[in-house]
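Worksheet: one structure, shown below.
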Amino acid sequence: MTTITEEKTISKFMKKLTDRHPGEDEFHQAVQEVVESVHDFIEANPHYKEANILERIIEPDRIVIFRVTWEDDDNNIHVNRGYRVQFNNAIGPYKGGLRFHPSVTLGTFKFLGFEQIFKNSLTTLPMGGAKGGSDFDPKGKSDREIMRFCQAFMLELHRHIGSNIDIPAGDIGVGGREIAYLFGMYKKIQNNFTGTITGKQLNMGGSLIRTEATGYGCVYFAQEMLHHIGEDIRGKVCVVSGSGNVAQYTAEKVIELGGKVISFSDSSGTVYDEEGVTEEKLNFVKDLKNNRHGRIKEYAEKYNVPFYEGKTPWHIKCDIAFPSATQNELNLTDAKELVKNGCICIAEGSNMGSTPEAIHYFRETKTLFGVSKAANAGGVAVSGLEMAQNRMGYSWTREDLDERLKTIMKKIHQQCLEYGQSTGYVDYVKGANVAGFKKVADAIIAYGTH
Ligand code: NDP
């Protein structure tokens, strides 16, 4: 917990940040978490203060904003905005996903790009932090419209990326289909088949396990946290939010490890399946979301289970919670409800899935809390392995990659233990932030000022 003097320094720092980046609440939130976590570490290691690292690390290296003009199936012309925030490349080329969602703003990409710096550092792989995307809404669009949008988007983005410069990937609204359209256009414009985008399909240089990696990695991380307190996922009841990429493969791994998944959700509501999601039901969700692009309510109709319209799943009694939809999807009321109902562990698949008040409550009640930049780093870690395979012109096997993913998640957990010890509790937020920060800050100092 911070003291009054610390609070004063932190609030002064935050005031400067909010004045400089007005109205970007999510970015302020992400920075505040890091600043609070690394404060003591910086005080104990004054060379970071002398090098003014904090102020340098919160300023993106570069931001590109561009117009994307595309034509729908009825020949109407639309304009969307494209973004790429290249935040920091101290330890490797810029790396981070693309999000297509109508709610995004520049602040969203600053928050995501900032988080990505520390996450990528934790993976132990040489990758800097970036994020980008568009306010384009893929919902209800035809396949051809998605294709035309992706091509128009890449028509501009291609100038700013490259296999040793900046390597985008998927995120909300950008899956295998979109990546193929984006990479296809990139390769055509550049006449260069290099690993400039990850999350590619296997027949175009993609990596096995990449699709599964964020969800699987999140469950491996939860398993590490549980093992550390002498518990295991086997037999545990798990609540999962979302029903996209991360949610699907989180559920798959939980089931494989002997846990029971009892929920999925999307922006229209939550399905509660008390009997537990089976392999067959999971395949239904994959087909529904990945091929038919339908609503999760159909699950409730097909399997005759309750659907809670407009609700998140956190009121459902469970042992473990996996937020896997979007930022700030779990608030203080949800946190209290989860803990009251006996939940012992939260592992964030979604980026910044919990509000600061919810995180504070989890820490106060010493509930295991796997913060997103640690728990969901498996996706970008396997993206890093995809880059390595592309460079070698060689593919590792599924077993090999799964083993590497497990090892990376274990290493991330160890780094959290090393830097996150608190009295009688592992503070994974502090551990992840300090460990991620240290590596990047050391590199920035070593480069000198420029
Ligand atoms: P998908 O687009 O595959 O799925 C997103 C899911 O979240 C959908 O079920 C969607 O419902 C729901 N969702 C999105 N926005 C909202 C919202 N505002 N309110 C309620 N539900 C919402 O995305 P991913 O599974 O890839 O991403 C999920 C989270 O995981 C994001 O926070 C992302 O940043 C993070 N993440 C993803 C990684 C990856 O490898 N894909 C890597 C690391 C983190 P609906 O269809 O109704 O919009």
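Every read-out reported here was derived from the displayed coordinates using simple, explicitly stated rules and does not represent laboratory data. This one's a predicted model, so the numbers in the text were calculated from it and none came from an experiment. Neighbour counts run over all protein chains shown; Cβ positions are idealised from the backbone, glycine included.
At-a-glance table
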| read-out | value |
| --- | --- |
| Per-residue ³J(HN,Hα) for segment 120-135, Karplus 6.51 cos²θ - 1.76 cosθ + 1.60, θ = phi - 60°, Hz, x for Gly and Pro | 5, 4, 4, 5, 6, 9, x, 9, x, x, 7, 6, x, x, 7, 7 |
| Calculated FRET value between residue 189 and residue 59, using beta carbons and R₀ = 30 Å, to 0.05 | 0.50 |
| Segment 62-194: Lys pairs at Cα distance under 20 angstrom, eight or more positions apart or on different chains | 7 |
| Burial ranking of peptide ranges 70-76, 95-101 (average Cβ count within 10 Å, highest at the top) | 95-101, 70-76 |
| Cut-off 18 Å (backbone N to label point 7 Å along Cα→Cβ of residue 73), residues of segment 131-163 | 137-151 |
| Ordering of 286-295, 104-113 by burial proxy (mean other Cβ atoms within 10 Å per residue, highest first) | 104-113, 286-295 |
| Sum of -39500 (n - 2.57) over DSSP H runs of 4+, divided by residues of the chain (222 nm, nearest 500) | -15500 deg cm²/dmol |
| Reachable lysines from residue 12, criterion Cα separation under 18 angstrom, eight or more residues apart if same chain | 49 |
| For the chain, share of DSSP beta bridges that run antiparallel, in % to the nearest 5 | 55 percent |
| From phi via Karplus (6.51, -1.76, 1.60), per-residue ³J(HN,Hα) for segment 285-300 in Hz, x at Gly/Pro | 4, 4, 5, 4, 8, 8, 10, 8, 6, x, 9, 5, 3, 4, 4, 4 |
| Stretch gain in nm, segment residue 336-residue 16, where the contour uses 0.36 nm per residue and the Cα spacing is subtracted | 111.9 nm |
| Listed peptides 33-45, 206-218 by packing density, highest first (mean Cβ within 10 Å) | 206-218, 33-45 |
| Highest-fluctuation residue, 248, 414, 116 considered, GNM on the chain with Cα pairs under 10 Å | 414 |
| Computed E for residue 311/residue 449 - FRET, C-beta separation, R0 45 angstrom, nearest 0.05 | 0.35 |
| Rounded Å value of the spacing that divides the Cα centres of segment 285-364 and segment 164-211 | 29 Å |
| Dipole magnitude (debye, nearest 20) for the chain, charges at Cβ of Lys, Arg, Asp, Glu | 900 debye |
| Mean separation of Cα contacts under 8 Å, 6 or more apart, over the residue count of the chain: relative contact order % | 15 percent |
